[in-house]
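Take a look at the structure below.
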Amino acid sequence: MSNPASKVVRAPAEQVYAEELAALAASDKGARPAGWKLSPRAVRQFITGSDSPVTVESGGRRTKVVITQKFYGDEALVERCIVTLLGSRGLLLVGEPGTAKSMLSELLACAISGTSMLTVQGTAGTTEDQIRYSWNYALLLAEGPSPRALVPSPVYQGMRMGAVVRFEELTRCQPEIQDVLVSLMSDKCIQVPELGGEDGVVFASKGFNLIGTANLRDRGVHEMSGALKRRFNFETVAPLSDKAQELSLVRAQTAVLLRESAVDVETPADVLDLLVTTFQDLRLGRTAEGTVVEKPSTVMSTAEAVAVSHSAALEAAHFGNGRMEGGHVARQIVGTILKDNPDDAAKLRNYFEVVAKVRGKTSAVWQQFYEARKSLRP
Ligand SMILES: Nc1ncnc2c1ncn2[C@@H]1O[C@H](COP(=O)(O)OP(=O)(O)OP(=O)(O)O)[C@@H](O)[C@H]1O
Ligand SMILES: [Mg+2]
């Protein structure tokens with residue numbers, strides 16, 4: 001497949017997984033809800049992957065396409081999200097940072113509507129115009145209000161097309177801006193009083209819905225009103241607690257990132273195991289052997305684990321001998337943990353001395369990890 005995604009740093013999911021989406025659409029025998037590109041079962045399969053490849057027949061030829069697992073963990077959560085989107089309420093994904101809320105919303109939007117690009121990126125500076133519509137002022141001055149001069153927001157476009165719209169970081173927006181959504185979500189239409197007549201209102205076509213994401217750590221920043229909460233079903237996305245699952249996720253995503261970075265580097269299983277074990281120990285504050293360790297204040301999310309693994313592999317490729325080692329992980333993990341709290345350095349140093357040193361007596365990769373503690377500045 002000539003991949004238009006290969007030239008950009010990060011392509012949208014509908015481009016990255018175009019082949020999988022086409023195969024699912026061609027083989028999908030389930031009923032598709034109005035406005036949906038796939039049946040609910042096929043949407044779930046796209047997100048959680050399938051054990052056997054999908055067979056597609058075209059022009060008398062049969063091809064098999066593997067549907068990769070993209071979201072790891074709670075499959076029931078994925079089903080509940082899909083069911084919510086079938087109804088008239090919006091879906092709000094809440095959770096700790098780095099638990100794949102944005103990724104899940106992107107995958108849902110692209111599987112259901114074929115695009116994940118109808119997105120409002122919520123910030124403290126988000127304005128009402130960015131949720132409803134604004135104007136091309138040159139045209140507005142020249143011609144007066146006309147459909148041509150109207151600049152539609154992602155929500156406006158989603159209503160018109162009957163597509164899922166994403167609202168990232170909803171709780172970062174000011175409460176009065178969030179409240180614009182209250183009536184939009186009830187009436188399912190946007191009024192444009194300046195235009196009047198038929199053009200003066202856009203009614204949401206079937207297939208329209210909204211997926212919001214909100215970070216639990218920031219939730220208090222701008223609490224949502226009760227009225228808006230009632231228009232959403234909340235789903236909490238929890239960090240992965242199962243080590244085997246986190247390990248296969250880190251392995252799979254590191255391989256994808258390295259392919260995109262076009263480097264050839266060996267990522268041994270015991271080094272990846274060390275990395276995930278370190279994240280789990282520091283996240284839980286306890287090791288599998290029962291040693292208590294202090295938790296750093298930084299979020300030890302799976303997203304961070306993937307980032308550390310990718311950087312450690314890049315370091316091995318460009319400055320090492322092409323094989324990722326414990327030392328690469330140690331050096332990259334330092335930058336993840338030491339962000340804003342100076343106390344975290346002491347906690348990490350303690351982990352090296354109390355946990356890594358002991359494990360290093362019987363494991364070469366833990367010994368490399370322990371040796372690299374010197375990269376931690378005093
Ligand atoms: N359960 C999971 N399944 C798949 N990937 C996961 C999972 N948990 C974390 N990840 C990793 O997290 C990355 C995506 O994080 P994403 O930006 O979606 O998180 P987020 O919850 O939106 O974080 P934030 O609150 O900071 O916006 C994925 O690319 C993947 O590497
Ligand atoms: Mg996010």
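The values are calculated or read from the model by the stated rules, or taken from the named source; none is laboratory data. These figures come from a predicted structure and were not determined experimentally. All Cβ positions, glycine included, derive from the backbone under ideal geometry; neighbour counts span all protein chains shown. Protein only, heavy atoms only, side chains kept; ligands, DNA and RNA dropped before computing areas. Shrake-Rupley method; radii C 1.70, N 1.55, O 1.52, S 1.80 Å.
Side notes on the structure shown:
- Among (1) under 17 Å from the mean Cα position of the chain (by Cα); (2) of a type outside the set (Phe, Trp, Tyr); (3) not assigned by TED's automatic domain parsing to the domain that holds Met161 - the single one Leu91 does not satisfy: (3)
- Selection status of Thr119, within 13 Å of ligand 1 (Cβ to nearest atom), more than 24 Å from Asp187 (Cα to Cα) and under 18 Å from the mean Cα position of the chain (by Cα): no
- Any hit, segment 206-216, residues being outside the structural domain of Glu304 (by TED's automatic domain parsing), surrounded by fewer than 20 Cβ atoms within 10 Å (Cβ to Cβ), at pLDDT below 95 and among the charged types (D, E, K, R): no
- Residues (over 24 Å from Arg32 (Cβ atoms) and within 23 Å of the chain's Cα centre (by Cα)) located in segment 145-164: Ser153
- For segment 329-376, the set of residues classified as of a type outside the set (A, V, I, L, M, F, W, C), in contact (Cβ under 8 Å) with a residue 24 or more places away in the chain and outside any helix (DSSP H, G or I) consists of Lys339, Asp340, Asn341, Ser363, listed by residue number.
- Helices (runs of 4 or more DSSP H) enclosed by segment 226-328 - at least 2 residues per element that are open to solvent by less than 20 Å² (accessible area, probe 1.4 Å) and in the same structural domain as Ala345 (by TED's automatic domain parsing): 243-261, 269-284, 302-319
- Check on Val78, modelled with pLDDT of 95 or more and touching a Ser or Thr at 6+ places or on another chain (Cβ under 8 Å): yes
- The number of residues in segment 31-65 that are free of Cβ contacts under 8 Å to residues at least 40 places away in the same chain, closer than 19 Å to Val16 by Cβ and assigned to a loop (DSSP other than H, G, I, E, B) comes to 3.
- Each residue in segment 320-343 was checked for being at pLDDT 90 or above and either among the hydroxyl-bearing types (Ser, Thr, Tyr) or closer than 18 Å to Val308 by Cβ (or both), and 12 pass.
- Condition check for Asp28: out of contact with any helix residue (DSSP H, G or I) (no Cβ under 6 Å at 6 or more places or on another chain), more than 16 Å from ligand 2 (Cβ to nearest atom) and free of Cβ contacts under 8 Å to residues at least 24 places away in the same chain: no
- Residue check for Val164: modelled with pLDDT of 95 or more and within 20 Å of Ile47 (Cβ to Cβ): yes
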